[in-house]
Amino acid sequence: MTAPYSPDDREKVVTKVPSELRQTLKVRCAQLGIDMKDAVTLGVEARLARTDVLPLIDTTRGTPFATWLPTGLYGQLKEQCTASGLAYNQGIAQSIQLWLDQNPVGQARKSTGSARRLIVANQKGGVGKTTVAAGVAQALAERGDRVLLVDFDPQCHLTQQLGFEELAYKATSLTVHMLGETSDDIHDLIVPVEPDAFGGRLHLLRGCTDAFLLDAKLATTRHLRIREAALERVLEPLENEVDYIVVDCPPSLGYAMDAALYYGRIRDGESGQESGLIIPVQAEDSSANAYVLLNEQVESLKELGALIPYLGFVVNLYDARKGYVVTSSLEQWQSMGDPSVLVVVPEQKEQREAVRMKQCLLSYAPTSDQAAAMRTIVRSIA
Ligand SMILES: Nc1ncnc2c1ncn2[C@@H]1O[C@H](COP(=O)(O)OP(=O)(O)OP(=O)(O)O)[C@@H](O)[C@H]1O
Ligand SMILES: [Mg+2]
């Protein structure tokens with residue numbers, strides 16, 4: 001006799017499942033924006049509806065797994081397990097696997113049409129532009145999109161953090177391409193990033209310190225028809241090879257930044273929110289001042305007819321324990337409404353550890369809160 005269960009009340013259920021299965025569940029829930037206990041509930045309900053024999057999952061090295069299921073649901077699963085000679089751990093493991101099978105991550109966009117362009121920008125240094133650019137690109141690649149990350153900062157932090165050498169000074173670089181001083185293939189600057197972890201879908205266009213000269217050179221180069229389109233001219237041929245191009249910008253104003261902002265503008269035939277700016281900020285007053293400057297630069301590009309959408313703020317390095325200035329600043333960002341706050345990223349150790357290890361955050365700490373935040377950004381903008 002199966003006991004009735006009430007979906008409104010929950011009971012704690014502790015079983016043992018393999019740690020890889022639990023990790024996959026946590027990542028998938030973050031990708032899809034679903035609470036883990038709801039996913040397990042759906043999995044158990046799906047398991048109860050099955051009368052066929054499901055593949056056995058190796059639970060011999062299972063570790064404790066606690067969740068909250070609607071009261072009585074676990075009792076029903078236990079009855080089903082007993083009737084078919086299965087251990088209860090096996091029943092939960094199969095339920096989780098069923099849910100995973102029924103809820104795949106999003107599919108990559110078709111290769112037709114040009115890539116969406118995400119420009120990660122803020123004149124203020126150290127707010128997390130590189131962290132957010134890298135994390136968003138990883139979250140996109142993880143869910144199946146093909147992504148090109150562009151290191152557009154002469155500091156080359158992105159290139160270094162992902163474990164690559166920046167291009168040698170005076171080598172053929174993005175700057176050299178933008179100035180029209182080479183006929184080399186732009187693909188020569190591109191390297192795959194952790195192909196095993198991201199299925200060969202994540203690539204990096206490496207940075208070079210010569211980007212320090214870009215502002216001055218763009219100012220004096222006469223032959224460029226539209227200075228602001230210098231980045232677009234170089235990256236456009238790559239746009240049909242990927243679904244997203246993510247540009248990590250330097251903390252600066254100037255012609256180079258104009259070119260990056262212009263690249264995120266709405267093109268003919270595009271809807272308003274396909275491409276645009278992601279703006280990492282911190283919950284503090286100086287971030288607000290930097291935003292005013294960014295806004296002015298974006299406004300000035302309107303004179304060229306360039307409308308550049310704001311996709312949203314990412315409030316990074318958030319730690320409410322730092323007090324009133326931090327909490328009230330967050331409220332101010334949130335109260336703006338448009339652009340909206342896409343996510344609040346806590347200040348935690350995993351990001352810095354991943355940088356130290358020269359590894360992608362989403363492969364180094366896939367179940368961290370920061371990795372979950374990157375997936376949240378992707379869900380809200382893409
Ligand atoms: N949420 C976070 N928690 C902990 N550390 C973080 C977090 N976000 C970023 N960091 C660390 O803070 C530092 C600055 O971040 P990042 O390099 O992304 O900023 P940036 O805006 O790109 O800086 P710059 O203006 O110099 O380019 C880095 O060491 C990074 O690893
Ligand atoms: Mg940076």
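The values are calculated or read from the model by the stated rules, or taken from the named source; none is laboratory data. Keep in mind that this is a model prediction, so the values were computed, not measured. Cβ coordinates were reconstructed from backbone atoms using ideal geometry, including for glycine residues, and neighbour counts include every protein chain displayed. Only protein heavy atoms, including side chains, enter the accessible area calculation; ligands, DNA and RNA are left aside. Shrake-Rupley method; radii C 1.70, N 1.55, O 1.52, S 1.80 Å.
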- Item | Matching option when the condition is open to solvent by less than 20 Å² (accessible area, probe 1.4 Å), more than 16 Å from ligand 2 (Cβ to nearest atom) and not basic (Lys, Arg), among Gly207, Gly276, Gly199 | Gly276
- Message: Condition (residue is touching a Ser or Thr at 6+ places or on another chain (Cβ under 6 Å), at pLDDT 95 or above and under 30 Å from Leu100 (Cβ atoms)) applied to region 180-194: is it met by at least one residue?
- Response: yes
- Go through region 348-362 and give me each residue that's more than 6 Å from ligand 1 (Cβ to nearest atom) and under 16 Å from the mean Cα position of the chain (by Cα). Glu350, Ala354, Gln359, Cys360, Leu361, Leu362
- Message: Show the residue pairs meeting these rules: Cβ distance below 6 Å; 6+ apart or different chains; first residue within region 118-132 and closer than 22 Å to Lys358 by Cα and near ligand 1 (Cβ under 7 Å from one of its atoms); second residue open to solvent by 10 Å² or more (accessible area, probe 1.4 Å) and in a loop (DSSP other than H, G, I, E, B).
- Response: Gly125/Pro251
- Does Ser287 fit the bill of being more than 20 Å from Lys217 (Cβ to Cβ), more than 16 Å from ligand 1 (Cβ to nearest atom) and among the hydroxyl-bearing types (Ser, Thr, Tyr)? no
- Residue ranges of helices (runs of 4 or more DSSP H) in region 127-187 with at least 1 members under 15 Å from Val378 (Cα atoms), away from ligand 2 (no atom under 12 Å from the Cβ) and open to solvent by 10 Å² or more (accessible area, probe 1.4 Å): 129-142
- Query: Any idea which residue in region 363-382 is farthest from ligand 1 (Cβ to nearest atom), counting only those that are without any contact (Cβ under 8 Å) to a residue 60 or more places away in the chain and in a helix (DSSP H, G or I)?
  - Reply: Tyr364
- Candidate set from region 219-263 (those that are under 20 Å from the mean Cα position of the chain (by Cα) and among the acidic types (Asp, Glu)); member that is nearest to ligand 1 (Cβ to nearest atom): Asp248
- Index of the failed condition, Tyr169 passing every other in (1) away from ligand 1 (no atom under 16 Å from the Cβ); (2) touching a helix residue (DSSP H, G or I) at 6+ places or on another chain (Cβ under 7 Å); (3) at pLDDT 95 or above: (3)
- Which one is nearest to Val136 (Cα to Cα) among residues in region 209-259 that are among the β-branched types (Val, Ile, Thr) and part of a helix (DSSP H, G or I)? Val234
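Table: residues versus (1) in contact with a helix residue (DSSP H, G or I) (Cβ under 9 Å, 6 or more places away or on another chain); (2) more than 16 Å from ligand 1 (Cβ to nearest atom).
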residue: Glu303; (1), (2): no, yes
residue: Tyr310; (1), (2): yes, yes
residue: Phe313; (1), (2): yes, no
residue: Asn316; (1), (2): yes, no
residue: Gly323; (1), (2): no, yes
residue: Gln334; (1), (2): no, yes
residue: Pro346; (1), (2): yes, no
- Mind counting the residues in region 169-227 that are closer than 17 Å to Phe152 by Cβ and among the aromatic types (Phe, Trp, Tyr)? 2
